[in-house]
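Here the structure comes first, spelled out in structure tokens, and everything after it is commentary.
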Amino acid sequence: MKLHHLRNASAVLQIAEHRLLVDPMFAEAGSMPSFRFLARGGQKNPIVPLPPEAEAALEGVNGVIITHEHPDHLDRPGLAWIQERGLPVWTNAVDAPNLRRKGLDVRELVDGSLGMGVETITNRHGRGPVGWLMGPVAGYFLAHPEEPSVYLVGDAVLTDAVLEAISRLEPDVIVAPAGTANFGLGDILFSIDELVTLAQRAEGELVFNHLEAVDHCPTTRVQLRARMVEEGLADRVQIPEDGEELTFERRGGSHARPRTTERRKPWLQKWLTAKMAGT
Ligand SMILES: [Zn+2]
């Protein structure tokens, strides 16, 4: 399995014959407004361009995975890129109807999709009212029999659901957002302390992304790496630069069996999220 990190949460994930583009934010640097809606000192987004490696990495992509519809995970250029190629878009039951309305070939990611064990894990993208406002967000556990299993956590703060999924599913690789995002109303992503807990509870490797690409994510790679070294976790944690490709080998044993989960339909909350996404 290969994970070619592009920028923010965008990556190309190669699992067996599948070359899956995850959460494409393809906007040119500075072409979107600041995400620090309620704070001063914002910058236009994204704050860095796509890396030069992106073009080659995107060759041969044969599917797309969307964790949720926020503009730093699916923006207008990302949407146009998918539409031009007519690629299948794999997502969860909550995001599927709205993405379908955008004319995409949407398929629901369920156990057995793409020849993999699949589970959707529901997240909280912040606490209290801000978490509600951010809308429903999902993570995916993907387990191909010939590849390491991977848990794409998606945007989240630390919850029992995330920790329970890690201990039950024992993913070989966990990809988690580490920018400690905040737009002036409290954290909407894992704090650094929560990332330490995540790494301590996990037995496999971790990849931290969602860093140094959008203006509401203040944590830097250097800062995060230093903390992981301090906690004795650095040997299992990778923090890729934009454009860096990581390779993971299958470990022994069989993958845990996913569970089917029912997600509550969010109605108004989903409408708000879709408005916010504006794609
Ligand atoms: Zn995000």
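Just so you know, all these numbers are worked out from the coordinates, no wet-lab data involved. Please read all numbers here as calculations on a predicted model, not as lab measurements. Note that each Cβ is placed from the backbone with ideal geometry, even for glycine, and that neighbours are counted across all protein chains shown.
The table for this structure:
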{"read-out": "Efficiency of FRET from Cβ geometry, residue 230 and residue 113, R₀ 35 Å, rounded to 0.05", "value": "0.35"}
{"read-out": "Length released on extending from residue 127 to residue 164, taking residue separation times 0.36 nm less the Cα-Cα span", "value": "11.5 nm"}
{"read-out": "Cα gyration tensor category, rounded, prolate or oblate, for the chain with a/c compared to 1.5", "value": "rounded"}
{"read-out": "Within the range 1-31: backbone nitrogen closer than 19 Å to the residue 76 label point (7 Å, Cα to C-beta)", "value": "24-31"}
{"read-out": "Other-chain or far-sequence residues with amide H under 5 Å of residue 29's (modelled H)", "value": "50"}
{"read-out": "Positive-end residue, the chain charge dipole about Cα centroid, Cβ charges, pick of 130, 206, 216", "value": "130"}
{"read-out": "Label-point gap, in nm, between residue 251 and residue 192 - each point 7 angstrom along Cα→Cβ", "value": "2.7 nm"}
{"read-out": "Rounded to whole Hz, the Karplus (6.51, -1.76, 1.60) HN-Hα couplings of the range 119-126, x for glycine and proline", "value": "9, 9, 10, 7, 10, 10, 9, x"}
